[in-house]
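The values are calculated or read from the model by the stated rules, or taken from the named source; none is laboratory data. Every value quoted in this text rests on a predicted model; they were computed, and no experiment measured them. Quick reminder, even Gly has a Cβ in these numbers, built from the backbone with ideal geometry, and neighbours come from all protein chains shown. With ligands, DNA and RNA removed, areas are computed over all heavy atoms of the protein, side chains included. Shrake-Rupley method; radii C 1.70, N 1.55, O 1.52, S 1.80 Å.
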Number of protein chains: 2
Amino acid sequence: MTIDAYHAALAEGRAMPLDWWHACSLRIDQREPEVQAWEALAEAPAALDERLAERPLYGVPVGLKDIIETVDLPTRWGTRGYLHSDGALVDAALVTLLREQGALIKGKTVSTEFAYFTPGKTHNPHDLTRTPGGSSSGSAAAVADGMVPLAFGTQTAGSMIRPASFCGVFGFKPTFDTVSAAGVKSFAPSLDTLGWFARHIEDICTTFSALTRAPRITPLESLAGVRVGVRSLPGDVAPDDDVEQALAHAQSRLEQAGATLVPLALDARYEALVEHQKVVMAYEAAQTLASEYARFAAQMGPKLVELLEEGRAISHARYLEARRATNAMQQALSGVFDEQVDVILAASAAGVAPQGIEATGDPLYCRAWTLLGVPCLNLPLSHGTAGMPVGVQLVADRWQDQRLLQIARTLMSQEVPA
Amino acid sequence: MTIDAYHAALAEGRAMPLDWWHACSLRIDQREPEVQAWEALAEAPAALDERLAERPLYGVPVGLKDIIETVDLPTRWGTRGYLHSDGALVDAALVTLLREQGALIKGKTVSTEFAYFTPGKTHNPHDLTRTPGGSSSGSAAAVADGMVPLAFGTQTAGSMIRPASFCGVFGFKPTFDTVSAAGVKSFAPSLDTLGWFARHIEDICTTFSALTRAPRITPLESLAGVRVGVRSLPGDVAPDDDVEQALAHAQSRLEQAGATLVPLALDARYEALVEHQKVVMAYEAAQTLASEYARFAAQMGPKLVELLEEGRAISHARYLEARRATNAMQQALSGVFDEQVDVILAASAAGVAPQGIEATGDPLYCRAWTLLGVPCLNLPLSHGTAGMPVGVQLVADRWQDQRLLQIARTLMSQEVPA
């Protein structure tokens, strides 16, 4: 059920304001022992504030990645407890922005350690022996499993798009800085971006408009006239068969919806962005988590310690080189979007969710786009090995989020040919 | 005394490691009842960690604006208590980065309310009937009064450069994102920038290298070959006589040091940046402080409430227009720096510090530069009305901080002609 469908049911008296909350609670009761998506669950609200009845997220239960601070729920930042807060002095800005739009905070979802690689307890709801991806593991799994219709995460490398692909849901990372990250633990401040997961593209769109107060996004009749460039970054690594097939399937859906596929050549400077992203992430994380490292290094996962120490060894000159290259490629890519394509179709992840929950998979195909600050949307269009979901991402130019969402919404509104 | 001079005295046995700390304590005891620069003072350390003796900030007492969170000192964010923390779970990243370089946290300095306009209790040490400027009021006043050699603040509109000008000290706002703001209250995330005040340009440079691990900045023999464009933003508002004279004096100092003054025409699009900065600041602050507004609006200063409500009324489209224009002008300005000038000389503030401490002055001449993310350095070169300090700022392209500091250090190392 979409948010709009729920609101229609409320308006027609076919549903009560707390129905969705209770349905989610029931699903969580059934499935949480196996999926393990949650760090903390909120008490049911006694009643809803009817003054918010016309707001776009009225009565919608929402999950929040556990690096988003809350006054009335604990936060542990994926640390398994070495850093623990019983409640923040002030809610993260996002929490208030959601509540003002009528949303109900269902609870805090599992994050990897400080949203880096040390995994939490969450399993992929499509196959409990596999990872849901990370770092926004619990939010992606909870949405995929029907525990909540909407959940928030963050992306610094590939922490929204990869779990969305692994879990078979829509995952949207808007343009950098679209939603204020106040009260959200930072990792690499020039990369960290709040985003959200949903099972319906309509709900991704509704949430974008609710948080930014942009106009509602309505589908076009078709994608006639929309130019889609097909180009993953990096482009010099051959994706596996599942990803190739997902890209081919998406191309055919896009063409059937009227879009024009455009061959897209991007020069070698774009290939260097993956490495620049690693430099920016490590350098900034070493600064940003300096206090956590000073106190908790002995309790941190080895991959996090390794990154923070690697970051300290990166020279200021190398960091500036990466920042300057990013700026140059942002301008170059804007030229590509101005002249050649409306959106780019790219791989979301290196394949289906890997076996095991000791690792969360590789963010390879997300690093460059995150560095560029462009909006990215995972489309859960395909299934691959063992029937597992495999997504593709649509990418647009910075600040073209509305156009990107409109194209995706139009694509999803087309009948799927047999 | 500069940091380097103190370290030389330590090396030669002419000073003890805690001497500077105790000298600062004495000065604070004498002057704090009148200047009122501090929110909280730290206990004297029992001894210094000698393993840090070779670090660039060893033994240097430092003030921190009270929006920078600390584990062992309270934080009140300039709210006079409606938001109060006895101690954060984790220090702001800056605190650990400073301690690792040997610095000693002397205490927390007065900030305006959430670093916006509601003033704190601080007076200008040059004339207690005048404002020190804001929002980094206590840090600027403490450094100007000799209470600490180094203090940190933030700039979102003009909160470093304006108080530096009013208090007659060097104030440096580096390129946006140079020092991680983790643990620093955010106001408008795409503008907020950590910076620092010192009485000596050498100490500004030492601190830059200590925090970024960039190489030490050494002066050139002269400014021969350095091109300086003279251009304030906005350029269509005539500064008052004190500022005109300060700009003229700075030009003459620069020319005497060998620099070439270059007439600099910037087109009308640059004039629009002041208005774009107001839009970005209000839109982002309304999001970022949504939780504080929801809980504390009744206790907030009227100017802050007005800004947050104004921010809520700004459309997403208007915000995007400002972000796109900023991006375009950043690229255009980089072209100016590539082709025409090495640095720009501009007004720091609209005049000397105004009478009264009920307001902190106007950030007009800082808004555009802050929006552009470029590094800005206040040079305390002149005095105006009533003998009050009046500064000018040098501005460089993004990521050209080292070049900017080297030019300023060279300028200050030249003999001042009679």
Candidates A:ALA347, A:ALA290 - the one that is surrounded by 24 or more Cβ atoms within 10 Å (Cβ to Cβ) and touching a Pro at 6+ places or on another chain (Cβ under 7 Å): A:ALA347
Kindly indicate the residue of region B:387-401 that is in a loop (DSSP other than H, G, I, E, B) and open to solvent by less than 10 Å² (accessible area, probe 1.4 Å) and also farthest from the other protein chains (Cβ to nearest Cβ) among those meeting that condition. B:MET388
Would you pick out the residues in region A:100-130 that are open to solvent by 10 Å² or more (accessible area, probe 1.4 Å) and in a loop (DSSP other than H, G, I, E, B)? A:GLN101, A:TYR116, A:PHE117, A:THR118, A:PRO119, A:GLY120, A:LYS121, A:HIS123, A:PRO125, A:HIS126, A:LEU128, A:THR129
Checking the conditions here, which among A:GLY146, A:GLY153 is among the small types (Gly, Ala, Ser) and surrounded by fewer than 24 Cβ atoms within 10 Å (Cβ to Cβ)? A:GLY146
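For every residue, the table says whether it meets (1) assigned to a loop (DSSP other than H, G, I, E, B); (2) within 25 Å of A:SER232 (Cβ to Cβ).
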residue: A:ALA140; (1), (2): no, yes
residue: A:MET147; (1), (2): yes, no
residue: A:ALA157; (1), (2): yes, yes
residue: A:ARG162; (1), (2): no, yes
residue: A:SER165; (1), (2): no, yes
residue: A:THR175; (1), (2): yes, yes
residue: A:SER180; (1), (2): yes, no
If we keep only residues of region A:173-192 that are among the hydrophobic types (A, V, I, L, M, F, W, C) and open to solvent by 30 Å² or more (accessible area, probe 1.4 Å), then the residue nearest to the other protein chains (Cβ to nearest Cβ) is A:ALA181
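Given the criterion touching a Lys or Arg at 6+ places or on another chain (Cβ under 9 Å), of a type in the set (A, V, I, L, M, F, W, C) and either surrounded by fewer than 24 Cβ atoms within 10 Å (Cβ to Cβ) or free of Cβ contacts under 8 Å to residues at least 24 places away in the same chain (or both), identify the matching residue among A:LEU264, A:LEU247.
A:LEU264
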State whether one or more residues within region A:53-66 are within 11 Å of chain B (Cβ to nearest Cβ) and farther than 15 Å from A:THR207 by Cβ. no
For region A:99-120, the count of residues that are among the small types (Gly, Ala, Ser), more than 14 Å from chain B (Cβ to nearest Cβ) and closer than 16 Å to A:GLU43 by Cβ equals 1
Residues (in contact (Cβ under 8 Å) with a residue 60 or more places away in the chain and more than 30 Å from A:ASP127 (Cα to Cα)) located in region A:10-64: A:ARG55, A:PRO56, A:LEU57
Hey, which of the helices (runs of 4 or more DSSP H) in region B:263-342, taking only ones fully inside, have at least 3 residues that are within 30 Å of B:ALA248 (Cα to Cα)? B:268-271, B:273-288, B:316-339
Check on B:ARG409, of a type in the set (D, E, K, R), assigned to a helix (DSSP H, G or I), within 29 Å of B:ALA210 (Cα to Cα) and open to solvent by 30 Å² or more (accessible area, probe 1.4 Å): yes
Do you know which residues across region A:209-236 are under 23 Å from the mean Cα position of the chain (by Cα), under 26 Å from A:MET388 (Cα atoms) and part of a loop (DSSP other than H, G, I, E, B)? A:ARG231, A:SER232, A:LEU233, A:PRO234, A:GLY235
When only residues in region A:299-324 that are within 11 Å of another protein chain (Cβ to nearest Cβ), open to solvent by less than 30 Å² (accessible area, probe 1.4 Å) and among the hydrophobic types (A, V, I, L, M, F, W, C) count, which is farthest from A:VAL374 (Cα to Cα)? A:ILE314
